[in-house]
Amino acid sequence: MKLPLQYISTLFFILILLTANCSKVPQRVMPMQSAVDSMKMWYEKKQVDSMKAASQRIADYLDKHQDDRSEAVRKLRMTWLSYQVVKFMAIEGRPDSALVYADRELQELDGMEGVDRQYVLTMANKADCYRQLGKLDQSADCYLQALEKAASTGQEDSTKVALMLGISTAYSFMGDYQSSGIWWKRIGELLGEMDNRDQFIYYNNLGNDHYFQQHYKEAKECFKTAIKLVENDENMRWDYYTSVANLGEIYVCLGVADSARVLIAQADSFFRKVNFPPALYYLETEKIELAVLEGRLDDALHMAEHCEFKDAVIPAGKVLRLKAEEQLMLKIGNCKAAYDRHIQQHILNDSIQNENVRMQMSTHLMQYEHDKRLLEQQATIEHERLTGRLAWALLTVALLAIILLVILIWLRHRRQHVRDMMVHRQIIAMRMENTRNRISPHFIYNALSHEMLAQMDGRKVNLDALTQLLRRGIEQSDMLDTTLYEELQFVDYYVSIEWQQMTKKILYVKEIADDVNIHIVKLPAMTVQIFVENAIKHGLRKKGEHLTIRASRKEQSVLVEVIDDGQGLDTSYHEHTGIKVVRQTIEMLNEHNSQPISFGIENKQSGCRSWLLLPDNFNYKIETV
């Protein structure tokens, strides 16, 4: 079965949506805004050289800031990666390179907030790369993953339709026409809700499906409809000429040479103007087929021998060319010579393989004879040394018994050590759970009393903070570590409840440095909450007006500080249960890490400072074996 120019009919509109989605650059990298705008403009105009120049400006900027992991630079990098996917897949026809950049873009998206739509579009482009590479099972899988993400995040119907088109197209190229038929039917029911671009993709790719099944008349009607949909749209000239070339191939298959010649010439003129070698390679193949159809065998042979676009890399194009040339050779009567050369090569390969097998068998036979003689000699020697070997055997058994006994003793001590560690961990976990459960009935009673008094005074009652605090306390009851984001949310709820029960107004501030990603930084659960409780209980209830939580980078670590301007710790201060549990938990975790967590509580000129230094790549798993 032939794979015609339809194979490169990708979902280009997804790429355009993707680039439009990335067109605005964050304020921090505004000097690159003009380069991004230029790159998008040149892509839409298909000015490849200008687009590459704008892209290079951004690449140079990113090289200079390759260690910058701020959100602004990451978004710029994501924009640039999107354009690389566009360039390699839609312009240069190199889906293998496009796939590499799509994977890099997915890695860049990992951990970023508010990028669900971007993730879906990138997965769709990755699926299209797989489709062009002939990895149709992986293509369908990527489309299905993207569709599931789009549905779960409530994205617009146009995106879902685009993904369904991709799924049905992948099944078509896979030859699973039963599955593709199901998806084409589902999409056809939504045809009235699609815009021209979606309808074009539907008819063009449905035409592909009919073509692969050799339903050429049905394919012809689909491609003619697709052409009518975009013939007056200047922004879709690329799509228009893609379907023109597809229809030209159909006319070749139907034997309508005149119509095929006109359409192929039109498409060839356009793709030469925009310099798109993959399409020109396909069109050159169609010209060979057309020449064979018209009986111009000399012209066909000349085109086959003087290929103008030898570097086209899409596998389907090479397969089509080989099959077209095979038909040409049959027409000119050279099939016997080609067949003879094929047989000669096959015989030569078989001869080499048989010779290798023969030499391997000979080598094995000689090795067998050598081993046999060696065994006979060793048998004689072993018989003479039987008594001595028996003694050595007894000694060896004795040594093995001693070694086994030592191992058993070591294993017993090891098991005991493991049990001790597990008990120690359970004790710490129970203490942590007890600390987390310090939202006691008395505390709850005070909070509820406060809300009841508020109701009696005619003020608005709000138990949301208390509810959230209880819920998060339950969720973290069996967690040894958490993210800084989750910890700060927990502290927010805790502080909001404490503030309601205090007679004076306290200013609560969080200062998070730009280079600290609170969604990634991990720390022992409840640590900051315990520091905050300590600050309120021993400082701010009696004196002070400010409570600050600060997170900043310090070399290869993150420093988290809780600072108040209260009365500070007096000389009679002793660690309460929460601080003791923090200390014991950190000591236990530090046993399994070369670079330990450190923390402290100290008075400053006015108030108290509690701090926690968290090394990067700290391992919070406690190995027990």
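Things worth noting here:
- Relative packing of 227-236, 413-422, which averages over residues the other C-beta atoms within 10 Å, highest first: 227-236, 413-422
- For 94, 237, the ranking by accessible surface with the largest value first comes to 94, 237, using a 1.4 Å probe.
- Exposure of residue 224 as accessible area (Å², to 10), given a probe of 1.4 Å and all protein chains: 80 Å²
- Highest-first packing order for the peptide set 594-605, 170-181 is 170-181, 594-605, based on the mean count of other beta carbon atoms within 10 Å.
- When each of 505/621; 87/220; 64/554; 75/273 is checked by Cα-Cα distance, pairs over 32 Å: 505/621; 75/273
- Per residue accessible area of segment 135-281, 1.4 Å probe, in Å²: 43 Å²
- Overall, the accessible surface of segment 213-298 at a probe of 1.4 angstrom is composed of carbon and sulfur to the extent of 45 percent.
- Annotation: peptides 186-197, 121-132, 65-76, ranked by per-residue average of other Cβ atoms within 10 Å with the highest first, follow the order 121-132, 65-76, 186-197.
- Counted charge near residue 175, where neighbours are those whose Cβ lies closer than 12 Å (Asp, Glu -1; Lys, Arg +1): -3
- In plain terms, if you count all Cα to Cα distances in segment 84-240 and split them into 10 Å steps from zero, the share in each step is 11, 36, 39, 12, 1 percent.
- Solvent-accessible area of residue 537 with every protein chain in place, 1.4 Å probe, in Å² to the nearest 10: 110 Å²
- Two-decimal Rg to Rh for segment 535-625 - Kirkwood Rh, Cα set: 1.03
- Computed over segment 73-175, the alpha-carbon pair-distance distribution with 10 angstrom bins reads 17, 47, 32, 3, 0, each value a whole percent.
- Applying the Karplus relation 6.51 cos²θ - 1.76 cosθ + 1.60 with θ = phi - 60° to segment 107-117 yields 3J(HN,Hα) values of 5, 5, 6, 4, x, 8, 8, x, 10, 4, 5 Hz, where x marks Gly and Pro.
- Unit Cα scatterers, Debye sum, segment 233-313: log10 I(q)/I(0) for q = 0.10, 0.20, 0.24, 0.25 Å⁻¹: -0.23, -0.87, -1.15, -1.21
The values are calculated or read from the model by the stated rules, or taken from the named source; none is laboratory data. In this text, all values refer to a predicted model and were calculated from it rather than measured experimentally. Cβ: placed from backbone, ideal geometry, glycine included. Neighbour counts: every protein chain shown. Calculation scope for accessible area: heavy atoms of the full protein, side chains included, ligands and nucleic acids excluded. Shrake-Rupley method; radii C 1.70, N 1.55, O 1.52, S 1.80 Å.
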